[in-house]
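Right, one structure below, let's go through it.
The values are calculated or read from the model by the stated rules, or taken from the named source; none is laboratory data. None of the values given here were measured: they were computed from a predicted structure. FYI the Cβ positions are ideal-geometry reconstructions off the backbone, even for glycines, and counts take in every protein chain you see.
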RNA sequence: GCCCGGGUGGUGGAAUUGGUAGACACGCAAGACUUAAAAUCUUGUGACCAUUUGGUCGUGCGGGUUCAAGUCCCGCCCCGGGUACCA
């Protein structure tokens, strides 16, 4: 009898699969398709750790499962290979990012291959490959060449806009734009070419504009809103400032409503949908015009609470508001200017950290309340955001806490408009109250009051209904080297597209961005570009999310040189049926790719509006961080380490320790043996003279070597898995000891796929043991008739495994396998036929061992081609019966009872439960129904 | 503050969605095989009492609905994630 030898089996099958191209797929109109996609990785220098493959294993299981079910499954893999880390490495070492990227990709591939994934590597893509980014650039050009028709809710070619301008000017035009423009066809036709370009830029979906951007001096680049968290860069955590710069942006805001509506058609987790909804931030309200006393201008204000308009006691403008200078009276000019100066020196973070301490200044001007012509003082305050709504608010201290705080701070009147509400310490933000001091709406509820005010103001032509979105346009330029170059050149400072030749990323001698924002591509000379037109080429590159916003389409036809992908293949593979990846991309990648998909849909390139039908978010696998505790006080000039159990507050420093030296890693009782302490001091030579305090005794390394029973306990914390903490675990290491199949099953067994969990190796022996038992079971299986007993177990397993895979409950599948094997092990004999079916069930999880068994069973075809077994209920029929007493159909009770009961025992069991018995005492039991499973229905 | 998740043995986690709570696994304990170890196998393992037969308590806390609640309702506490001067 041979023992289970994963190493031998796995290398054998992996090379077989590679040689036979087992997992390569072709479009086949006769077969139903299924598209399983992983978020492709960025090939970092760290390589994969055990956390990375979690999602890939899950998707691989699902893809293999679907293949067994007869689907034509597309399950590709590639690399998101443009990006910051490769560039940073290039800056440090001078090596071209393409080289390091290539090296990292090879390492990734080697690691991925060992896990036995069923990827179709013929379809591999890399976003940094010119044959790929050619199409990223192409999509950019389509965006550049498009505008958004608000009336038809659709992107259209810019040529249509031009002809509209030629014939009608801006008359009857409903288009997304940066600024509302009004001109006649005559005026348009008289514009110079450059002027026309400027006007069109106002409408293009990819447009160049001077805008407030998040500038990160440390990274030397601008960042999109979703790349900034808490006022610092998401990558690296460097401070971010607001800066006016000429930048490319994508008009994603045009798609806000469709991005919101589309969420109803996709299967994402509620929390992820909620994140996207919040990010899009739709709010319905009223755009109200406030006249300014004795001045011609009006101030537009957006509000969601028109019902509180009688409570307006002042108005606040953002410091950047365009009317600030004009309306400020001479008397207050100095105050206002000095306030503007103070605010302009603050960065975004400082302005935001000021919550609760309102600052502001009076302009001397007054606005008129459109409902009753009351005079309202106009203030300026930094709490009003220029970028949201109109950059001006009608302040209602009674109904808004910020307005309330502001009014308190500057002694502005707080008008009470709510009946029976005290405004002594807080604003009243609920909507469940009657109004007072509000002539037109007293006695009305919130809905009716809102309605009355809206109708009144709209009739007076003082307001319009307005839907506001929080979603900003996405800045699309980066002042970096390692990204897609724009297919754009400049002539007389006007940008023009380059359509005929692909612009390739030129070579430069240094990759370092400059502090003043001039991109590294500025170092490329005219001769370094493969195309050079006009006065200058665009020197910015595209952001990291450009290539990842459409990669799922390229997998369908990765080598097509004439199109992004052929229409036929786009139609066949269609939407991604299952997309597996982390939830951290909720408002970045997942929103941008939805946006690009909708845009390509408008262009009739694809026939679907949502890229991902279903999204499965895998949790992160964290790592335990093990540290030795170093006392702050030295002893005779030597550092002293102490057990984690002996530490007192802050009298120690944590020295992270490589987990290779730690026993019982990741547990509360993790420790170092004297041998491991020696290894540690060898690894960190600066501690070679250190002393170790164990049980109040001090030992040197050499003294400890004599007493190997000593333990130095380490401090265990849970955190990320990273080289920084010396706690990364290479999946290949696990493969060396247990094999890839064990690793695959174990990662699934660890817990629900969506959950975040720390890596530990505590239970891996159980999973390994299961595979060994399965192997042994196969060895002793005989070619005999299948018994009812083994078939019962088999079909129970088929049912549960099929259901659980469909629900992505992979951890319980492994348990089900274990139960089956244990049950069969208790039988004196099991047939090869049963083993054969079980092998198919097992193969998505442990493909190598399954393939080996399958082969030994005498099948030529691979496991992936075997049909998925179907559940046969007939093996359970005998335990399913009705026990009719009589029936009046009045009430039904369910009671859990053992399945094995005979008819007579059922009634006894029912009456065993005291409370139920009491309850049923005065009732006549009409019928008892025992169903397969365990439920008993009692009808009384 | 607001919006989502979640709280079950020593541990990771099951529980047919209202029906025997703790499947499966780890760990631990005892035993078998072995000169020994490893490996493997068997048995036990929520707590407390009775130690045989049982009994009582038990899913963060407090109430409620129900013959029956981890699951539903009301009120708290704690943990994780997201997000915020968004008018």
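If you go through segment A:419-470 one residue at a time, how many are part of a strand (DSSP E or B) and more than 30 Å from residue A:279 (Cβ to Cβ)? Write out each step before concluding.
From segment A:419-470, those part of a strand (DSSP E or B) are A:435, A:463-468; that's our starting set.
Now drop any that are not more than 30 Å from residue A:279 (Cβ to Cβ), which leaves A:435.
Selection size over segment A:419-470: 1.
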Scanning segment A:679-708 residue by residue, the ones that are modelled with pLDDT under 80 and either part of a loop (DSSP other than H, G, I, E, B) or within 37 Å of the chain's Cα centre (by Cα) (or both) total 4
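What about residue A:254, is it in contact with a strand residue (DSSP E or B) (Cβ under 9 Å, 6 or more places away or on another chain), more than 16 Å from RNA strand B (Cβ to nearest atom), outside any helix (DSSP H, G or I) and closer than 21 Å to residue A:468 by Cα?
The answer is no for residue A:254.
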Quiz item: In this structure, does residue A:213 turn out to be more than 28 Å from residue A:156 (Cα to Cα), within 16 Å of RNA strand B (Cβ to nearest atom), at pLDDT below 85 and surrounded by 15 or more Cβ atoms within 10 Å (Cβ to Cβ)?
Solution: no
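Results for (1) buried (at least 19 other Cβ atoms within 10 Å of the Cβ); (2) at positive phi, shown as yes or no for each residue.
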{"site": "A:167", "(1), (2)": "no, no"}
{"site": "A:172", "(1), (2)": "no, yes"}
{"site": "A:192", "(1), (2)": "no, no"}
{"site": "A:198", "(1), (2)": "no, no"}
{"site": "A:202", "(1), (2)": "no, no"}
{"site": "A:207", "(1), (2)": "yes, no"}
{"site": "A:217", "(1), (2)": "no, no"}
{"site": "A:227", "(1), (2)": "yes, no"}
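Mind counting the residues in segment A:769-817 that are in contact with a strand residue (DSSP E or B) (Cβ under 9 Å, 6 or more places away or on another chain) and either under 30 Å from residue A:267 (Cβ atoms) or near RNA strand B (Cβ under 9 Å from one of its atoms) (or both)?
Taking segment A:769-817 as the starting set, the residues that turn out to be in contact with a strand residue (DSSP E or B) (Cβ under 9 Å, 6 or more places away or on another chain) are A:781-787, A:790, A:808.
Then drop every residue that is not either under 30 Å from residue A:267 (Cβ atoms) or near RNA strand B (Cβ under 9 Å from one of its atoms) (or both), which leaves A:808.
Count: 1.
Residue under question is residue A:570, and the condition is that it be modelled with pLDDT of 85 or more and assigned to a helix (DSSP H, G or I); does it hold?
Values: modelled with pLDDT of 85 or more: yes; assigned to a helix (DSSP H, G or I): yes.
Here the answer is yes, as residue A:570 does meet what is asked.
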Discussion item. Regarding segment A:376-388, can at least one residue be identified that is closer than 17 Å to residue A:308 by Cβ, modelled with pLDDT of 90 or more and outside any loop (DSSP other than H, G, I, E, B)?
Written reply: yes
Residue A:660 vs (1) out of contact with any strand residue (DSSP E or B) (no Cβ under 8 Å at 6 or more places or on another chain); (2) modelled with pLDDT under 80; (3) farther than 30 Å from residue A:55 by Cα: all pass except (3)
Open item on the list: Against the definition (touching a strand residue (DSSP E or B) at 6+ places or on another chain (Cβ under 7 Å), surrounded by 16 or more Cβ atoms within 10 Å (Cβ to Cβ) and modelled with pLDDT under 90), how does residue A:399 come out, yes or no?
Closed with: no
Scanning segment A:593-642 residue by residue, those more than 40 Å from the chain's Cα centre (by Cα) and in a loop (DSSP other than H, G, I, E, B) turn out to be A:632, A:633, A:634, A:636, A:637, A:639
Expected single match for more than 26 Å from residue A:6 (Cα to Cα) and in contact (Cβ under 8 Å) with a residue 24 or more places away in the chain among A:64, A:123, A:107, A:114 is A:123
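Can you give me the ranges of the strands (runs of 3 or more DSSP E) entirely in segment A:260-372 with at least 1 residues that are more than 15 Å from RNA strand B (Cβ to nearest atom) and touching a residue at least 12 places away in the same chain (Cβ under 8 Å)? Talk me through it step by step, then tell me what you get.
On the way: elements: A:283-292, A:298-303, A:314-317, A:361-368.
So the answer is A:283-292, A:361-368.
Let's see how each residue does on (1) in contact (Cβ under 8 Å) with a residue 60 or more places away in the chain; (2) assigned to a helix (DSSP H, G or I); (3) within 30 Å of residue A:14 (Cα to Cα):
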site	(1), (2), (3)
A:665	yes, no, no
A:677	no, yes, no
A:744	yes, yes, yes
A:748	yes, yes, yes
A:777	no, yes, yes
Restricting segment A:819-836 to residues that are buried (at least 19 other Cβ atoms within 10 Å of the Cβ) and assigned to a helix (DSSP H, G or I), the one farthest from RNA strand B (Cβ to nearest atom) turns out to be A:834
